[in-house]
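Novice: Below you will find the structure I want to go over with you.
The values are calculated or read from the model by the stated rules, or taken from the named source; none is laboratory data. None of these values were measured; they are calculated from a predicted model. Don't worry about glycine lacking a Cβ; one is built from the backbone with ideal geometry, like all the others, and counts go over all protein chains shown. Quick note on the areas: whole protein, heavy atoms, side chains included, nothing else; ligands and nucleic acids left out. Shrake-Rupley method; radii C 1.70, N 1.55, O 1.52, S 1.80 Å.
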Amino acid sequence: MARPKPETFDKQKTVAENRRARFDYFIEDKFEAGLMLTGTEVKSLRAGEATIADSYAEIRGGEVWLVNANVPEFSHGNRNNHEPKRPRKLLLNGREIAKMTGAVERKGMTLVPLSIYFNKTGRAKVELALAKGKQAQDKRATIKDRDWKRDKARLLRERG
C-alpha cells in the first residue's frame, strides 16, 4: 500500500522562487516533483544559485520536463560541468502525470514551477503548479485586493 503524501511541502531551504507566477496565473493545484540533476547542478543549487522566473514545465512522451530553468555552472567545476539551461526531467508519480496531461490538453492549463527547494532529507524538489493565465482585469483586481489588505492592516495597527 502506498504511503500517504503530506499535505504541505517540507521546505528546508528555498533556492529559487517564482514570485511572478502567483501574479500572472490562478494557481489551481500544486505538486511536489523531484529533479533529475547532475553533481555540479546540485552543488550550484546548494550554493543558492538558480532562477526559474522564465521557466515552465512541459509533458513530452509521458514525462514531465522543466524547461528554461537556469542553474549556473559550478564555480569549481571542471570540463564535466553542466549546461546551465538544459531541460531537466521531473520525477513524478504516473497518476500525477496523467492528471497534469488531462488538465493541460483539455482545460488549457499551464504547468508553472513555483519554487525549487531542498526538503528535510536533502533532496532537491520543485513545487509545480497547474495554473490558468490571468487577464489584465484579473491582475488589476489582484493589485486592488493586495492594496486593500495592506491599508486594512495599517489601519488596524494604528487603532490599537
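Novice: Output ³J(HN,Hα) for the stretch 17-26: one whole-Hz value per residue in order, computed from phi by the Karplus curve 6.51 cos²θ - 1.76 cosθ + 1.60 with θ = phi - 60°, and x for Gly and Pro.
Specialist: 9, 9, 6, 5, 4, 5, 7, 8, 9, 8
Novice: With every protein chain present, what is the per residue accessible area of the stretch 23-160 (1.4 Å probe, Å²)?
Specialist: 61 Å²
Novice: Amide H neighbours of LEU91 under 5 Å, at least 5 residues apart or on other chains, H built in the peptide plane: list them.
Specialist: GLY34, LEU35, MET36
Novice: Right, another one. Along the charge dipole of the chain, Cβ charges K/R +1 and D/E -1, which of ASN68, GLN135, GLY48 sits furthest on the positive end?
Specialist: GLN135
Novice: Need the full-extension length gain, ASP54 to VAL67, defined as separation in residues times 0.36 nm minus the C-alpha distance. One decimal, nm.
Specialist: Gain in length upon complete extension: 3.8 nm.
Novice: Follow-up question, since we're still on this one. Run the helix sum for the chain: -39,500 (n - 2.57) per DSSP H stretch of 4+ residues, divided by residue count, reported at 222 nm to the nearest 500 deg cm²/dmol.
Specialist: That calculation yields -10500 deg cm²/dmol at 222 nm.
Novice: Highest first, please rank the peptides 9-19, 66-76 by the mean number of other Cβ atoms sitting within 10 Å of their residues.
Specialist: Taking the mean over residues of other Cβ atoms within 10 Å, the ranking is 66-76, 9-19.
Novice: Any chance you could list P(r) for the chain, counting all Cα-Cα pairs in 10 angstrom bins from zero, rounded to whole %?
Specialist: Each 10 Å bin holds this share of Cα pairs: 10, 33, 31, 18, 7, 1, 0.
Novice: In whole percent, and with a 1.4 Å probe on the protein chains, what portion of the accessible area of the stretch 77-160 is carbon and sulfur? All intermediate terms of the calculation are to be shown ahead of the outcome.
Specialist: Working: 2670 of 5620 Å².
Here it works out to 47 percent.
Novice: Quote to one decimal, in nm, the extra length available between ASN93 and ASP29 on full extension: 0.36 nm per residue of separation minus the C-alpha distance between them.
Specialist: Full-extension gain reported as 21.5 nm.
Novice: At a Förster distance of 25 Å, what's the computed FRET efficiency of ASP138 paired with GLU105, Cβ-Cβ distance as r, to 0.05? Display every interim value, and only then the final one.
Specialist: Values: r = 23 Å, r/R0 = 0.93.
E(calc), rounded to 0.05, equals 0.60.
Novice: At 7 Å along the Cα-to-beta-carbon direction for both LYS13 and ARG46, put a label point, then send me their distance in nm to one decimal.
Specialist: Between LYS13 and ARG46, the label points sit 0.7 nm apart.
Novice: Working out 0.36 nm times the residue gap between ARG123 and ARG20, then minus their Cα-Cα distance, what length gain in nm do you get to one decimal?
Specialist: 34.6 nm
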